[in-house]
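This is the structure I have questions about; it appears just below.
The values are calculated or read from the model by the stated rules, or taken from the named source; none is laboratory data. This one's a predicted model, so the numbers in the text were calculated from it and none came from an experiment. We place every Cβ from the backbone using ideal geometry, glycine too, and count neighbours over all the protein chains shown. Each accessible area value is taken on the protein alone, full model and side chains, heavy atoms only, with ligands, DNA and RNA left out. Shrake-Rupley method; radii C 1.70, N 1.55, O 1.52, S 1.80 Å.
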Amino acid sequence: MKKSIYISHSSDATFVEKRFVVDLVQQVKENNLSEDIWFDKDEKIIDSSSWLSTRLENTDKCRAIVFIFSRDFMTCPITVYERKIIMERISHDDESKRPQVFCVILEQVQFTRTFAECLLSVNAVLVDLTGDLAHLSIEEKTSYAVGALFERLDKIATVKSPYMPPPIQSESKYNEDWKRKRVIAWNCTDVVEWLYSIHVREFYRHSFAEQRVDGYLLLATRDSDLQWLLGVDSRIVRKKILSELMLVLKSEEKYSESWHLRYRLIRPKRDSIYLIYDPQDARLASNIKTDLLRRGLQVLSHDKLGQSREEFLQLNGGNLAKCSYAICLMTEAASTSPFVFHEVLFSYWLGGDRSLLTLLFSNSWNKLKNSMKATMGDSPAIDFEKKLYSESMSILEHHIKPQPNLTGVVLEQKYLEQMTEGVQTLKSICFANMTNEPNVDESIVIPKIFISYQWDVQARVLEIADFLESNDLPCWSDVTMTPRSSTSRMAMRQNKSQSTADAAQVENLQTHIHRNMKLSKVVVCCLTPKYVHCQNCEQDMLLASSLGKPVLPVMLQFVTWPPEGASERVRKMMTHLPRPVDLSTDKLFKANLPQFLDKLVRFMS
């Protein structure tokens, strides 16, 4: 980061507070630090669709940060995120990389204990403008703060280039430049010209010029600011200025570059979902989308990636704005994905009646950027990593479309408790999964191969398992479980009239399936005509896809490729797989087993 000193301030601040921040930055820059200070107003990104992500990225990279504390600062969402990022950096960065912290206290605020301890740990510099200094004017407070900060900031600065003031514009003739700019980009002359165009008296225009009100400060003015700070004593004129300003802002929404502002005005549709995922997880996203569509939910996702950050958000931001839920698929790829990063932060920027929900498929907390930890850490999440896929999908459906009307009071209460407890903050789930790993018996061999099959070929499956284990490739299938059950998994699943004990056994078996497939490196699917029609084998394929496991098909009975008569979902999954190794006859079984072993080894590597 070239500009090493970051100014953290509230975007929702009052006119007085923004005036203080602008003057403070201006005076510091005039002392040869113009290329060392990062201030979003001067970077001209406030009206950008990537304003939020840019601010958080720079917070994560700065060498020093200046907090401007006020009551608005403590409640502003972006400054809440910035404080979390700094706390994360102070807690986990090496001492040499920790940012230096400067706190300018404009109004009395209450710090949390954790934040106060972080400030103490880095010997943060405090400039308190409350108490005995509260009666000072804005100009006097600015001068005091600059005097207290400059010497320390000068030691941190690396560029130290002289300040180049903007060119002085002639006020003798109005050229109506303001009509070609957005309000946020107006300079002081533009503001005065605009006031002239709406027939505001010269006396009032001089007051705006003397106070150096530009577009940034104009947007922060309220009726009381106009009256007491800018000297507009006429109620009619104040009302005229504010109403005309609203008309200008309304007209700006029609500009082509204001697409993100129009998206922000879209009212999200109920029970609609936008999937946020990295392109590498396209297959997982497709499976999730199919399951959600079956549950009667509308699902959208990005269509095109574009050539830049702005183009990517412009192409897909409309769909994101239409949805009431943004669901992020958190995987290894997503944790470092720029696509996920920008869509997540854009969804936060959109705000309104939109909610972000994370589906955790891989605990990548330590790989996340600090800005992602700050924004997503306290948002709701569902654990797909440790829990069964079907159970997690039920929790997701209930979270989006609650179904409280269940028959039986006891069943309803138990169901609701399970659904409610299944949604926790992302940070709590990640920390629990890191600290509560199950103890594994060292005598149990972790499988490298998971075998998915239909019950009519158990004998062949046992032969394949024995062959693999003789080649130091431990494998797992329900028929190889110890002690071996006389009833296979498929038979148990397909038995429609199960007792309570049988149901518990099936649930326990499902847990075994999920755990062992997750531990395995490759999933082998044994193709037969019955296999491709079996719903439970389809579930195995879906689980393998959600866990990111490579699948190697073997043909134990002849089927066409891709299999005909299979469901559209199965065919779609099969088309992405390599051609199966043919083991459909005794002769081919003996001849092609070495080829099968060679493919497995390559898959594992």
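Projected onto the charge dipole of the chain (+1 at Lys/Arg Cβ, -1 at Asp/Glu Cβ, origin at the Cα centre), which of 122, 189, 575 gives the Cα projection farthest towards the positive end?
Going by the Cα projections, it comes out as 575.
Also, quick follow-up: For residue 91 and residue 332, what does the FRET efficiency come to when R0 = 22 Å and r is the distance between their Cβ atoms, rounded to the nearest 0.05? Could the numbers behind the result be given before it?
Details: r = 24 Å, r/R0 = 1.07.
Here the calculated transfer efficiency is 0.40.
Which angle from 0 to 90°, rounded to the nearest 10, does the C-alpha axis of helix 458-470 make with the longest principal axis of the chain?
That works out to roughly 70 degrees.
In the neighborhood of residue 521, defined by Cβ-to-Cβ distances under 9 Å, what is the net charge if each Lys or Arg adds +1 and each Asp or Glu adds -1?
Values: positive: 448, 549; negative: none.
Surrounding charge for residue 521 is +2.
How big is the antiparallel share of DSSP beta bridges in the chain, given as a percent to the nearest 5? Could the numbers behind the result be given before it?
Working: 3 of 50 bridges.
Taking every DSSP beta bridge with both residues in the chain, the antiparallel ones total about 5 percent.
Also: With +1 assigned to the C-beta of every Lys and Arg and -1 to the C-beta of every Asp and Glu, and no other charges, what is the dipole magnitude of the chain about the Cα centre in debye, to the nearest 20? All intermediate terms of the calculation are to be shown ahead of the outcome.
On the way: 76 positive and 77 negative charges, 272 e Å.
It comes to approximately 1300 debye.
Using only Cα atoms, what is the ratio of the radius of gyration of the stretch 17-108 to 2.2 N^0.38 Å?
On the way: Rg = 13.4 Å, N = 92, 2.2 N^0.38 = 12.3 Å.
Ratio of Rg to 2.2 N^0.38 Å for the stretch 17-108: 1.10.
Still on this model: Take every Cα-Cα pair in the chain and report what % of them are more than 30 Å apart. Please report the intermediate quantities before stating the final value.
On the way: 116443 of 182710 pairs.
Taking all Cα-Cα pairs of the chain, the fraction more than 30 Å apart is 64 percent.
Identify, among 103, 28, 54, the residue whose Cα sits farthest towards the positive end of the charge dipole of the stretch 27-166, taking +1 on the Cβ of Lys and Arg and -1 on the Cβ of Asp and Glu, with the dipole about the Cα centre.
Of the options given, the answer is 54.
Considering only Cα-Cα distances, which of the following residue pairs are longer than 22 Å: 289/414; 518/599; 387/427?
Working: 289/414 28 Å; 518/599 20 Å; 387/427 17 Å.
Among 289/414; 518/599; 387/427, the Cα-Cα distance tops 22 Å for 289/414.
Here's something else I'd like to know. Using a probe radius of 1.4 Å on heavy atoms only, what accessible surface per residue do you get for the stretch 510-576? Whole Å² is fine.
On the way: 2680 Å² over 67 residues.
Result: 40 Å² of accessible area for each residue.
Rounding to the nearest 10 and keeping the result within 0 to 90°, find how far the Cα-based axis of helix 15-28 lies from the longest principal axis of the chain.
90 degrees
Dividing the Cα radius of gyration by the Kirkwood radius, what Rg/Rh value follows for the stretch 67-152?
On the way: Rg = 13.6 Å, Rh = 13.9 Å.
Reported Rg/Rh (Cα atoms, Kirkwood Rh): 0.98.
Quick one: of 29/160; 44/181; 44/141, which pairs are farther than 19 Å apart, Cα to Cα?
On the way: 29/160 9 Å; 44/181 12 Å; 44/141 26 Å.
Pairs exceeding 19 Å: 44/141.
Report the gain in length on full extension from residue 123 to residue 45: 0.36 nm times residue separation, minus Cα-Cα distance, nm rounded to one decimal.
Values: separation 78, 0.36 × 78 = 28.08 nm, distance 3.15 nm.
Length gained, residue 123 through residue 45: 24.9 nm.
Then there's this: With n ≥ 4 as the cut-off for DSSP H runs, can you work out [θ] at 222 nm for the chain, using -39500 (n - 2.57) per run divided by the number of residues, rounded to the nearest 500? Don't skip to the answer; put the middle values down first.
Details: 28 runs with 301 residues, N = 605.
Estimated from H runs of four or more residues: -15000 deg cm²/dmol.
Report, ordered by chain and residue number, the lysines lying within cross-link reach of residue 97, taken as a straight Cα distance under 19 Å and ignoring same-chain residues fewer than 8 apart.
Within the straight-line limit of under 19 Å, residue 97 reaches these lysines: 2, 3, 61, 84, 155, 367, 369, 373.
Tell me which cysteines of the chain come out unpaired when the rule is another cysteine's Cβ under 4.7 Å.
62, 76, 103, 118, 188, 323, 328, 430, 475, 525, 526 - these cysteines have no disulfide-compatible partner (Cβ-Cβ under 4.7 Å) in the chain.
Next question, about the same structure. With everything on Cα atoms, drop me the angle between helix 282-294 and the longest principal axis of the chain, reported from 0 to 90° to the nearest 10.
80 degrees
How much of the accessible area of the chain, probe 1.4 Å, is carbon plus sulfur, in whole percent?
On the way: 15330 of 30000 Å².
Reported share for carbon and sulfur atoms: 51 percent.
Under a cut-off of 18 Å between alpha-carbon atoms, report the aspartates and glutamates in cross-link reach of residue 304, not counting same-chain residues fewer than 8 places apart.
278, 281, 343
Another question, if that's okay. From Cα pairs below 8 angstrom and at least 6 apart in sequence, can you work out the relative contact order of the chain, rounded to a whole percent? Please list the in-between numbers first.
Working: 835 pairs, mean separation 55.1, N = 605.
About 9 percent, as a whole number.
Taking the mean number of other Cβ atoms within 10 Å as a proxy for protection, how do you rank 390-399, 458-467, 6-15, 122-131 from highest to lowest? Before the final figure, lay out the partial values.
Details: 390-399: 19.0, 458-467: 16.8, 6-15: 22.0, 122-131: 14.8.
Ranking the peptides 390-399, 458-467, 6-15, 122-131 by packing returns 6-15, 390-399, 458-467, 122-131.
Per the Kirkwood definition applied to all pairs of different Cα atoms, how many angstroms is the hydrodynamic radius of the stretch 506-572? Please report the intermediate quantities before stating the final value.
Values: mean 1/r = 0.0796 Å⁻¹.
That comes to 12.6 Å for the stretch 506-572.
Round to the nearest 0.05 the FRET efficiency obtained for residue 210 and residue 420 when R0 = 51 Å and r is the Cβ-Cβ distance.
0.30
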